[in-house]
Each structure stands twice: as C-alpha cells, then as structure tokens.
Amino acid sequence: MIKIPRSFLGIFLSVVLVLILFKSVNAQSLNQSDTTLPDNQEIINNSDVTGPDTQELPNNTDNAIEIDRDVFDKSFESAPVEQAVEQFEELQAVEIGERFGTSFYGDIASTKEIADTLRNLCQQTGQNAALLYVTSLQDKLDLILILPSGAPQSSASNSKCLNSASDNLEPIRKDIPEAKHNLVQKTAQDFRLKITNFRNERNNYLKSSQQLYQWIVAPFEASLQANKINTVIFSMDSGLRSLPIAALHDGKQFIIEKYSVALIPSFSLTDTRFAPIAQSEVLAVGVSESTEEQVPLPFAGVEISTLTNKIWQGQSRSLLNTASTIENLKSISSKQRFGIIHLATHGQFNAGELSKSYIQLWNEKIRLNQLRGLSQELKWSADPKVEMLVLSACTTALGNDEAELGFAGLAVQAGVKTALGSLWYVSDEGSLALMTKFYDELKAKSLRSLALREAQLAMLKGEVRIEDGKLRLGENNLVPLPAEINAPDNLSLSHPYYWSAFTVVGNWN
C-alpha cells in the first residue's frame, strides 16, 4: 500500500483565510505549523490509511471560512513551485470542505512524493500519468505539471514507465499571460454551451475547444511526449472543473486520441491506491420508470440487465425500479461487500444548499448532504473500500462553482476511491452506449480512465452506435433493444455531446 501524507488548513492558506475554528478542535492532537505564522495550527494524522481524514462541521455560519482570492492569487503567483502546489492543494481542500461542511486533516504530499507515487502506480498499471494543476489567476493562467519520477532500468521495470528525459524531474511551471481570468471563463462557458447545443451547428464548439487546449495542454506537449505520458490528470481551479476535458481539441484530434484523462479535486484528497477493479462485485441500482415526477429512463433497464447478466455475470446484484429503495440498498449492503456501486438513475448537482442536489431512488432522493452519512452507515470507506461509484444519468449546473464542487468532490463525499458521472444529461440511449462499452472495457483492462477512454474513442469512431434497432458495441457484439423502449432504428453517437460529458473523478486507475 502506498502511503500518501495528507494535510490541510495549515501551512500557507492561513495568510489568505479568515478562519473561525469550532471549539471542539481542542479534542484533537495539535501541532504548531513549521511556518513562521504563530497562530496557524495543523492537525496531523499518522494513520497509514490513504485518503483524507475528515471531521464534520456543524451547520453554523460561525464556522465560515472566507477566502480572499486576490490575496491568494498574489501569494500563489510569487511562491516557489513547491509552495504553490501546497497552496493550491489547501485551497481545494478548503473549498470542498466548505461545500460539504467537512474539515480535512493530515499532511500534504510534497511534489517529490507525488512524482514518486505516479512512478510507483505506473509500475503497477502501465499507465504513465502526469498531474497538471490549472490555476486561473486574474491576469493569467498558471500551470504546474508534475511528471512521474525516473525509474531505474531493470528487467522488472515496466518500459512504459521509464522517463527518457531525466531520472530527477522537477515540476514544470508555465504562465499563459494571454489567458486572463475573464477570458478563460468566457471561453469555457462558450465551449460548454456549444458542445451541449450541437444540433444546429455540429462543430461550432471547436474554436473554444482548441483555444482551451492551446492554453492548458499545448505548453506541455513536448514534455508529455518526451516522458512517454499516456494519462493526464487535471486538478482544476474554480470555473474549470466542469470542462468536458475529453473533448479538448488540438486542431487535428481530440485529447483522448492521445491520452487518457481524469479529474481530481486535489492529489491529497485522492485515494490513489491501486486495486484490480475487474475483480470487484457490482451492485447495480436503476430507475427506468417515472417516479416522483422524474422523466422515465427506459434504457436504464437495459443498462442494468446488460451489466449484471452479461458483462459482470456472476459478480453482480441488481435493484430495479420498485426494488431500488434506500432500505433495500442498506439491506443488501449489510450482507455483501460491493466494489462498484452503479446507479442508473437521475442525479442532480445544483447550486445552493446541498439538499438541492440529489440522487433519485424509487421512493425518495439521497440528498447530497445525506451522502456521507449513508456512506458511513454502509461502510463504503472501510477497507476494502468501495472502488467506484457510477452515476450514469446525472447532470451538473455547468459553470456554477457550487455545482462543480459537488461533482468534483463526489468521491470524497461518498467515501469512495472514484466517481464516474456525466456533466450533463446526455440522452438515455447515449448513456446506455457509453456505460455498456465502458464496463466491457473495464472488465477486460481493469483500469478506469483507460476503459473510459476506449469507450469514448469507440463512440467517436462510430464503432459504438445504434444500428437496426440494436446497440452495436463492436463488429460481433450486439445488444438487442426491446421494442417497447422505442429506440431509434439508427443513431450515430460520434459527436462529443454523447461521450465527453462522462468524467472519471478521483482514482484514475
């Protein structure tokens, strides 16, 4: 097991935060921060368990944390790269903690520890990942790329993981002065708007997609290629967390034609331990009929049936429609451990109170403010931890920071390693196609971001489509669609509207 130290609310953000800590903090073990700021205190966790330690905050405005973003930007811009990474990591922890009413405690990993972890994970998986921090300052984009550290040449080494450039790679930092904050946000909004309203002009999203690629990814293209990177992990600033990263375009091809991609809230909020997920048991929960005034999802029944009876046969259980209740979820979870929780039902990440965001079950909604409590009751975060929570029909209030935080922090709030969800409601048949191909690839490859990439590429290339009333997953792989669900006879799913909304959040392996 890889130990990744964690730390939040302590080292640098104290210069930009106004903190009113709740009084029960003195029940914790306190250590004086090793910075020169005398009033700053840090709670250290010495556990070997990977993942952030949390403490619930009472729902009380006295515990509010105010972030002076102007001060943060100035501090971040002038900080050396190591300190800048720590500041960004703490900012993410504070913002997500505030959104979910949770405090995180432990140590932040250094850039060297991040690089070493990336190297070690590559040796286990063959996925050579780099981590890209994207910070949107008022007058520029500030980008920091952390590459995996060099590995010694040996017969036991995975050749994909040997960096050709150097054995001792330092983080690479680049400023993009033309990418002013307001311009970046406007471009991101234009990208999201046009890719989700594509029917009149199918390719009108390309200008903003290519501009964002040039700002964010292109500055590191040579380094990514020189170091044989095949996976790029993004940790995004506010306003950019709901970008459909998979649809970024370099002018010739989409980013997924070159790399697997994933989103993390921060490295220190991510449980990076690798486990072969194809060995996991699956609990598939779905609502295909109309309930509580929700639009029916007729393809969800096919999705659940195909997953449990064909792809994950012998390693799965299902709860469909009237059986998909919290009571049944609790009952079945008390008798069996599941590594994957698949929810083929409506989910909403909205602005405002957490209770406005929810996951729909048959007879009630799981509100986002209830999710952590449910996770604790069902022991999702207890070893063996739930590897992945999948929401195949969710939607996010795009461009809204509170909604983005709900989506980006879903894995943390749910106490699972990975969340897979969609940024917008794709379409019932589009979700069925993506999810079915994803699980088909996941069973074969056992790597999350790679399986998603393969599914997205198959849709982009037209290999996955609806043809003659059947879902075609490959040359000889067809899924019959029941006549009663009124599936289109033929439907191309190649436009990124259908596949780029789906995003791996958290552990990418």
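We did not get these values from a lab; they are worked out from the coordinates using the rules stated. In this text, all values refer to a predicted model and were calculated from it rather than measured experimentally. Cβ placement follows ideal geometry from the backbone for every residue including glycine, while neighbour counts extend to all protein chains displayed.
Restricting the count to DSSP beta bridges whose residues both fall in the stretch 111-263, what percent are antiparallel, rounded to a multiple of 5? Here the antiparallel bridges make up roughly 55 percent for the stretch 111-263. If only the Cβ of Lys and Arg carry +1 and only the Cβ of Asp and Glu carry -1, the dipole of the stretch 277-506 around its Cα centre is close to 800 debye.
Going from the residue with the fewest nearby Cβ atoms within 10 Å to the one with the most, TYR497, TYR205, TYR213 rank TYR213, TYR497, TYR205.
Ordered by the number of other Cβ atoms lying within 10 Å of each residue's own Cβ, fewest first, ASP142, ASP107 fall into the sequence ASP107, ASP142.
The string of couplings for the stretch 418-429 from the Karplus curve (6.51, -1.76, 1.60, θ = phi - 60°) is 9, 10, 10, x, 10, 6, 9, 6, 6, 2, 4, 6 Hz, one whole number per residue in order, with x for Gly and Pro. Between ARG202 and ALA444, the distance separating the two model label sites (each 7 Å from Cα on the Cα→Cβ line) works out to 2.6 nm.
With the simple spin-label model, which puts each label point 7 Å out from Cα in the Cβ direction, the SER78 to LYS186 separation comes to 3.0 nm. Placing a label point 7 Å from the Cα of ASN363 along the Cα-to-Cβ direction, the residues of the stretch 281-322 whose backbone N falls under 19 Å of that point are 285-294, 318-322. Cross-link reach is defined here as a Cα-Cα straight distance under 25 Å, omitting same-chain residues fewer than 8 places apart; for LYS74 the lysines meeting it are LYS112, LYS140, LYS174, LYS180, LYS186. Exposure proxy shown here: for ASP68, ASP271, the number of other Cβ atoms within 10 Å sets the order, fewest to most, as ASP68, ASP271.
For the pair ARG173 and GLN253, the difference between a 0.36 nm per residue extended length and the Cα-Cα distance amounts to 26.3 nm. Backbone phi angles across the stretch 339-344, fed through the Karplus curve with coefficients 6.51, -1.76 and 1.60 (θ = phi - 60°), yield HN-Hα couplings of x, 10, 10, 10, 10, 9 Hz in residue order; Gly and Pro are listed as x. Couplings 3J(HN,Hα) of the stretch 102-107, computed from phi: 9, 10, 10, 10, x, 10 Hz, in residue order, whole Hz [Karplus 6.51 cos²θ - 1.76 cosθ + 1.60, θ = phi - 60°; x for Gly and Pro]. A simple spin-label model places pseudo-atoms 7 Å from Cα toward Cβ; at ASN490 and ASN309 they are separated by 2.9 nm.
For the residue pairs LYS252/LYS445; LYS258/LYS310; LYS330/LYS365; LYS330/LYS379; LYS252/LYS443, alpha carbon separations beyond 20 Å are given by LYS252/LYS445; LYS258/LYS310; LYS252/LYS443.
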